[in-house]
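Novice: What follows is a single structure, and I will ask about it in a moment.
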Amino acid sequence: MPLARKILNDTEQKTIMLTAAVRATSMAGRRAELICDVLLNSGLRATELCNLRIQDTPCHLGGKFIEIKGKGGVVRPISIPDRLTARIAEYIRTDRASSLPRHVKKDDVSRALFYNRNRKPYTRFGIYWIIAATARAAGIRRLISPHMFRHTYITNALDRGITSSQVQMMAGHSDPKIMQRYTHLLPSRIADIGNKIDRTFSL
């Protein structure tokens, strides 16, 4: 599938997030909404989201970052919005405690951030199901996956002027050539570069 087909357009992003918000009338609904929000605004892989612990969030680290231990044990920081930082903190204070297994203490920061309705840490399939179910409820016919949120995050970041090297670092891509696949989708960003660097000389 071409990369462009793996990216959510503006309408799809808005529809999915609004639908998740409308469905957030229960603990499960609020958790699903937050999961969608985190994926869209951090570019985490589904597995990384499943492995995310409280100690990896701003609530423990301070600042405005999530820290992810990626391939080779390399820790990478991912900047997230202040709004999302506050939402994660609110979730930890309220709904998360109701989903914990009995043997897990709510102040144990080494434990997973998200537990499912069976009081177990999420699996990739569980995250996939949340995304697919929310997209269906939003009336989106094509199959939507968590990794599409990641592609969308990278494209959104580049489209807002974040440098390729910064996005590469936050996304955990080791090969700069991977980033070129995304920049090719943004011709509008390079259309006027020629005019900006043009130096006119007259006789």
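The values are calculated or read from the model by the stated rules, or taken from the named source; none is laboratory data. This one's a predicted model, so the numbers in the text were calculated from it and none came from an experiment. We place every Cβ from the backbone using ideal geometry, glycine too, and count neighbours over all the protein chains shown. Accessible surface is based on the protein model in full, side chains and every heavy atom, while ligands, DNA and RNA are left aside. Shrake-Rupley method; radii C 1.70, N 1.55, O 1.52, S 1.80 Å.
Novice: Normalized C-alpha radius of gyration of the range 1-100, against 2.2 N^0.38 Å?
Specialist: 1.14
Novice: Mean shadow of the range 95-165, computed from the convex hull of its alpha carbons, in nm²?
Specialist: 7.2
Novice: With a point put 7 Å past each Cα toward its Cβ, work out how far Ala86 is from Arg160 in nm, to one decimal.
Specialist: With each label placed 7 Å out from Cα toward Cβ, I get 1.6 nm.
Novice: Net charge around Arg142, counting only other residues with Cβ within less than 13 Å of its Cβ (Lys, Arg = +1; Asp, Glu = -1)?
Specialist: So the surrounding residues net to +3.
Novice: Okay, next question. Give the relative contact order (percent, whole number) for the range 17-156; include only Cα pairs under 8 Å separated by 6+ residues.
Specialist: Numbers: 169 pairs, mean separation 41.8, N = 140.
Value for the range 17-156: 30 percent.
Novice: Got a number for carbon plus sulfur as a percent of the range 52-149's accessible area, 1.4 Å probe?
Specialist: Answer for the range 52-149 is 52 percent, counting heavy atoms of protein chains only.
Novice: Please report how far the C-alpha centroid of the range 118-148 lies from that of the range 9-87, rounded to the nearest whole angstrom.
Specialist: 14
Novice: Given a Förster distance of 25 angstrom, what is the FRET efficiency for Leu100 paired with Lys69, based on the Cβ-Cβ distance and rounded to 0.05?
Specialist: For Leu100 and Lys69, the calculated efficiency is 0.65.
Novice: What spacing in nm lies between the two simple spin-label points modelled at Ala133 and Leu18, each 7 Å away from Cα in the Cβ direction?
Specialist: Here the answer is 2.3 nm between the modelled labels.
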